[in-house]
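J.: Attaching a single structure in structure tokens format; questions to follow.
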Amino acid sequence: MSSALSSSCPFPYRGPPELQAAVVAALQQVVDPEVALSVVDLGLVYGVEIEPGQARVTMTMTSAACPVGDVIAEDVEMELRRVLPAGTAAAVTLVWEPAWTPEKMSERARRFME
């Protein structure tokens, strides 16, 4: 398994290199409905780790009081299952440290929010 992080990957990725682009694309499909931006553009994804049979995503929300956190986590799992090898489980761990800040957003998200 590769632990290399591609310079084009917007978050730390550990897993098979051939899955990286599909994983990034899948996560870009998950939108925070409160701000209409992807969890990737918002900088909510802190890392993805893929091992045989298991994918783990560590992410946060813009606020601990986010009313749609569970829905977003379910969407992440669903989108990942679409691109991962059959039988690979997907799990999301929500963390609050480090806290999310607007500086974590992509340039695209920053322009959208202006």
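J.: Out of Leu27, Leu84, I need the residue that is more than 17 Å from Ala109 (Cα to Cα) and surrounded by 13 or more Cβ atoms within 10 Å (Cβ to Cβ). Which one? So that I can check it myself, show each step before the final result.
T.: On the way: Leu27 fails: more than 17 Å from Ala109 (Cα to Cα).
Just one listed residue meets the conditions, Leu84.
J.: Which of the residues spanning region 61-90 are within 20 Å of Val24 (Cβ to Cβ), in contact with a Leu (Cβ under 9 Å, 6 or more places away or on another chain) and of a type outside the set (S, T, N, Q)?
T.: Met61, Ile72, Ala73, Val76, Glu79, Leu80, Val83, Leu84, Pro85, Ala90
J.: Hey, another quick one. Please find, within region 38-69, the residue that is modelled with the highest pLDDT out of those that are surrounded by fewer than 21 Cβ atoms within 10 Å (Cβ to Cβ) and of a type in the set (A, V, I, L, M, F, W, C).
T.: It comes out as Val68.
The values are calculated or read from the model by the stated rules, or taken from the named source; none is laboratory data. Model, not experiment: these values are computed from the prediction. Here the Cβ is made from the backbone with ideal geometry for all residues, glycine too, and neighbour counts use every protein chain on show.
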